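A.B. asks: One structure, as structure tokens, below. Some questions next.
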Amino acid sequence: VWAFARPFQEVLLGIETASKDGTHHVILLDASLSMGADGVWEAAKRQALNALDDVKPGDWVGVVRFAQGTLIDAPLSDDVVLAQQAIENANWTWEKGNHLVGLQAAADMLQGAQDVQRVVHFVSDFQATGLPNQETGWALPGHMRLHPVVVGNGDWNNVSVDALALRPVGQQILQL
């Protein structure tokens, strides 16, 4: 009977359309060591604050800062002032960046939202050292929109220090 009735279900592919319930925004702020380069961190914070201009009444916003791990500086809420203060008070770290953990944290924060548009504002200098060394199989869910915001001028080499080691070379001398 089902085969002859040929039931069908329409499926919307791609980004969900906006709903009347607003939009949930996550501002994902790269706080890795490369972001501490001359003027880059200040530019990143300005761009993150500019992303708050997209937040309208009824929208929710959260702030996630990441390097090797993640910090939720402002949980997802309708309190834009809390997000603004979190961005203004944020600082970069001495850690190497890991874009994957940041994106996963942003996706987790947005996962519970239903019937709303979801946007990740990814503010970074997008250094290649923050990318995984191999394919992970993970992808940002299709119902979430990624808004990359590039900061920095890119005039520096794309390198980072992964590890340091000390070894004795004499009785009172250590080599780094």
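A.B. asks: I'd like to compare 99-108, 60-69: which one has the highest average count of other Cβ atoms within 10 Å, and what's the full order after that?
C.D. replies: 60-69, 99-108
A.B. asks: Still on this structure, please answer the following. Between ASN50 and HIS147, what is the label-point separation in nm under the 7 Å Cα-to-beta-carbon projection?
C.D. replies: 1.1
A.B. asks: Please work out whether the stretch 29-68 counts as rounded, prolate or oblate from its C-alpha gyration tensor, where a ≥ b ≥ c are the square roots of the eigenvalues and a/c under 1.5 means rounded, while otherwise a/b larger than b/c means prolate and anything else oblate?
C.D. replies: Cα axes put the stretch 29-68 in the oblate bin.
A.B. asks: Probe radius 1.4 Å, ligands and nucleic acids ignored: give me the carbon and sulfur share of the accessible area of the stretch 72-111 as a rounded percent.
C.D. replies: Its accessible area is 49 percent carbon and sulfur atoms.
A.B. asks: Using the heavy atoms of the protein chains alone and a 1.4 angstrom probe, what is the accessible area of the stretch 56-130 per residue in square angstrom?
C.D. replies: Here the per-residue accessible area is 46 Å².
A.B. asks: Taking θ as phi - 60°, what are the ³J(HN,Hα) couplings along the stretch 93-100 by the Karplus curve (6.51, -1.76, 1.60), each to the nearest whole Hz, with x for Gly and Pro?
C.D. replies: For the stretch 93-100, the Karplus curve yields 10, 9, 8, 6, x, 9, 4, 4 Hz.
The values are calculated or read from the model by the stated rules, or taken from the named source; none is laboratory data. Being a predicted model, the structure only gives us computed values, none of them experimental. We place every Cβ from the backbone using ideal geometry, glycine too, and count neighbours over all the protein chains shown. In case anyone asks, the SASA skips ligands and DNA or RNA and just uses the protein heavy atoms, side chains included. Shrake-Rupley method; radii C 1.70, N 1.55, O 1.52, S 1.80 Å.
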